[in-house]
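To start, the structure itself, in structure tokens.
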Amino acid sequence: MTETPAAGASPDRFAGRAVVVTGAGSGIGRATAIAFARAGARVLGVGRRPDALDDTARHHPGITVLAADIRAAGAPRAVVDVAAERFGRVDVLVNNAGATALMPLAEADARRIGDLFDLNVTAPSLLAAAALPHLRATGGSIVNVSSTYGHRPLPGAAHYAATKAALEHLTRSWALELAPDGVRVNALAPGPTESEALTAAGLPSAAVDQIKADEASRIPLGRRGRPAEIAAWILRLADPADTWLTGQILTIDGGLELL
């Protein structure tokens, strides 16, 4: 399905700027890569599935893709090096790639917990560290994609929520640490959004459908989010015109946080 353009994405909003988006093969990552490209940026979309990345790239000629597992040793540095070599600069890093897992405490095990933190916390940290010299040079920004469950309880999936809470605290700490360098760091915390995350977590289709219906019924605005709606706010957080915005966690969840 073709995503509609992100609201407010003018043709030249990010002209001349280079953006790295992880998890760009589907959902929020795909919508974000497309939105940045439509706003004039040169985009490196990163993900593990070459076919899915190719589908993303077909939406706009400004999108270049790289198949990589950002958890692998040396991968974060390699991703940033590819972007810098192709574009000559890096202005924005969007740490969107992540995984969810339903894991009641009684079923928790070290491997699954470690896998969640590797992808949702460690990989974004190493990507940010690798991109930092370039972001300092361009006065760029980092946008981390958290979740409304990064700051509210999620029974049955507490370890996933904990990874997002960690990412939010990293966002605030990095914002203070990097402010003297002119590098802004913010995060977006979406509520339940249409994506392949539940299927990727290994849930059967009937369970996925039931979870989606249950989530929609709890959201005050009555539906799950759309990837393009989330992408629009990622662009706003990264907008080079927003020079005084840093260390913020913006929740976009249809009012779910209010309950």
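The values are calculated or read from the model by the stated rules, or taken from the named source; none is laboratory data. For clarity, every value in this text was computed on a predicted model and none was experimentally measured. Ideal geometry is used to build each Cβ from the backbone, glycine not excepted, and the neighbour counts take in all protein chains shown.
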* Of the criteria (1) of a type outside the set (Ser, Thr, Tyr); (2) closer than 21 Å to Ser173 by Cβ; (3) assigned to a helix (DSSP H, G or I), which one Ala97 fails -> (3)
* To do: Taking the residues in region 142-188 that are within 16 Å of Ala131 (Cα to Cα), among the aliphatic types (A, V, I, L, M) and in contact with a helix residue (DSSP H, G or I) (Cβ under 9 Å, 6 or more places away or on another chain) as candidates, determine which candidate is surrounded by the most Cβ atoms within 10 Å (Cβ to Cβ).
  => Ile142
* Structure fact -> Among residues of region 100-130 being farther than 22 Å from Leu237 by Cβ and of a type in the set (Gly, Ala, Ser), the residue surrounded by the fewest Cβ atoms within 10 Å (Cβ to Cβ) is Ala106
* Structure fact -> Residue hits (region 8-46; over 13 Å from the mean Cα position of the chain (by Cα) and either assigned to a strand (DSSP E or B) or at pLDDT below 95 (or both)) are Gly8, Ala9, Ser10, Pro11, Asp12, Arg13, Ala18, Arg42, Val43, Leu44
* Among the residues of region 16-34, is there at least one that is within 19 Å of Gly140 (Cα to Cα) and surrounded by fewer than 16 Cβ atoms within 10 Å (Cβ to Cβ)? -> yes
* What single numbered condition from (1) within 20 Å of Arg184 (Cα to Cα); (2) among the aliphatic types (A, V, I, L, M); (3) assigned to a helix (DSSP H, G or I) fails to hold for Ile113? -> (1)
* Structure fact -> Only one of (1) part of a helix (DSSP H, G or I); (2) in contact (Cβ under 8 Å) with a residue 24 or more places away in the chain does not apply to Leu245, and that is (1)
* Pairs, please: C-beta under 7 Å, at least 6 apart or cross-chain, first residue within 19 Å of Gly98 (Cβ to Cβ) and of a type in the set (Lys, Arg) and in region 66-84, second at pLDDT 95 or above and surrounded by fewer than 18 Cβ atoms within 10 Å (Cβ to Cβ)? -> Arg71/Asp118
* Asked: Within region 47-62, is there a residue that is in contact with an Asp or Glu (Cβ under 9 Å, 6 or more places away or on another chain), outside any strand (DSSP E or B), touching a residue at least 40 places away in the same chain (Cβ under 8 Å) and buried (at least 24 other Cβ atoms within 10 Å of the Cβ)?
  -> no
* Asked: Which of (1) out of contact with any Ser or Thr (no Cβ under 9 Å at 6 or more places or on another chain); (2) part of a helix (DSSP H, G or I); (3) touching a residue at least 12 places away in the same chain (Cβ under 8 Å) is the odd one out, the single condition Pro180 does not satisfy?
  -> (3)
